[in-house]
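Q: Take this structure first; my questions come after.
The values are calculated or read from the model by the stated rules, or taken from the named source; none is laboratory data. Computed from a prediction, not measured in an experiment: that's the story for all the values here. Here the Cβ is made from the backbone with ideal geometry for all residues, glycine too, and neighbour counts use every protein chain on show.
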């Protein structure tokens with residue numbers, strides 16, 4: 001597991017059974033002809049959908065300015081701990097916040113800590129950190145896929161397709177998705193075969209930036 005977390009990362013947006021022939025020959029089904037395993041199993045913290053607004057991640061570079069109080073604009077890169085350093089307040093945790101949420105947080109702290117009476121903090125992005133999804137294991141072309149800032153999520157079937165589909169020995173009913181949720185490493189077990197066979201009862205599992213997908217090998 002440790003090794004998997006430090007490989008490249010991938011991402012993609014989804015589809016359905018139309019991709020089945022391009023992906024793989026599905027693993028054996030039950031006697032009734034349909035996989036009975038749930039499409040997704042959670043082994044750690046619960047999955048929480050992302051807000052529609054872009055949220056700050058480590059290595060984003062942010063412009064910082066206080067109207068009327070500071071002439072010079074500062075440029076700060078978000079640290080690996082999700083923090084930036086600003087005048088008087090020192091380090092401020094900004095990861096997973098939108099720019100507006102960060103502005104409100106800083107303005108409140110400036111007032112409450114007595115630095116300014118009515119501060120107006122203005123933040124904007126100078127550059128964005130690379131955001132990717134990695135697909136590893138039993139796929140024909142392991143790949144790291146760029147995740148644009150405009151894209152919020154991607155279907156797992158689409159991601160597997162971009163990696164060249166499953167190999168003949170892929171265990172498609174127990175694909176692992178590793179994700180950091182609230183600072184904790186979380187693993188989801190996804191039955192991709194159920195999506196391809198159209199037996200899944202829930203919507204397709206959607207990937208988020210920095211997810212790592214690992215397709216295990218079937219044991220014969």
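Q: Out of the residues in segment 141-151 that are under 14 Å from residue 213 (Cβ atoms) and surrounded by fewer than 20 Cβ atoms within 10 Å (Cβ to Cβ), state the one that is farthest from the chain's Cα centre (by Cα).
A: The qualifying residue farthest from the chain's Cα centre (by Cα) is 141.
Q: While we're on this one: Exactly one of these conditions fails for residue 200: (1) more than 17 Å from the chain's Cα centre (by Cα); (2) under 30 Å from residue 53 (Cβ atoms); (3) buried (at least 24 other Cβ atoms within 10 Å of the Cβ). Give me its number.
A: The failed condition is (3).
Q: Continuing with this model, one more query. How many residues does segment 154-197 contain that are over 24 Å from residue 218 (Cα atoms) and crowded, with 18+ Cβ neighbours inside 10 Å?
A: 1
Q: Let me ask you something else. Inspect all residues belonging to segment 89-97 and state whether any of them is assigned by TED's automatic domain parsing to the domain that holds residue 195, in contact with a strand residue (DSSP E or B) (Cβ under 8 Å, 6 or more places away or on another chain) and assigned to a strand (DSSP E or B).
A: no
Q: Tell me, which strands (runs of 3 or more DSSP E) wholly within segment 101-220 include 2 or more residues that are free of Cβ contacts under 8 Å to residues at least 60 places away in the same chain and touching a strand residue (DSSP E or B) at 6+ places or on another chain (Cβ under 7 Å)?
A: Because the criterion is at least 2 residues that are free of Cβ contacts under 8 Å to residues at least 60 places away in the same chain and touching a strand residue (DSSP E or B) at 6+ places or on another chain (Cβ under 7 Å), the strands (runs of 3 or more DSSP E) in segment 101-220 that meet it are 121-127, 175-181.
Q: Here's another thing I want to ask about it. Given the conditions (1) under 15 Å from the mean Cα position of the chain (by Cα); (2) exposed (fewer than 14 other Cβ atoms within 10 Å of the Cβ), report the number of the one that residue 91 does not fulfil.
A: Exception for residue 91: condition (1).
Q: Considering 156, 122, which residue is under 23 Å from residue 57 (Cα atoms) and in the same structural domain as residue 85 (by TED's automatic domain parsing)?
A: From the options 156, 122, the qualifying one is 122.
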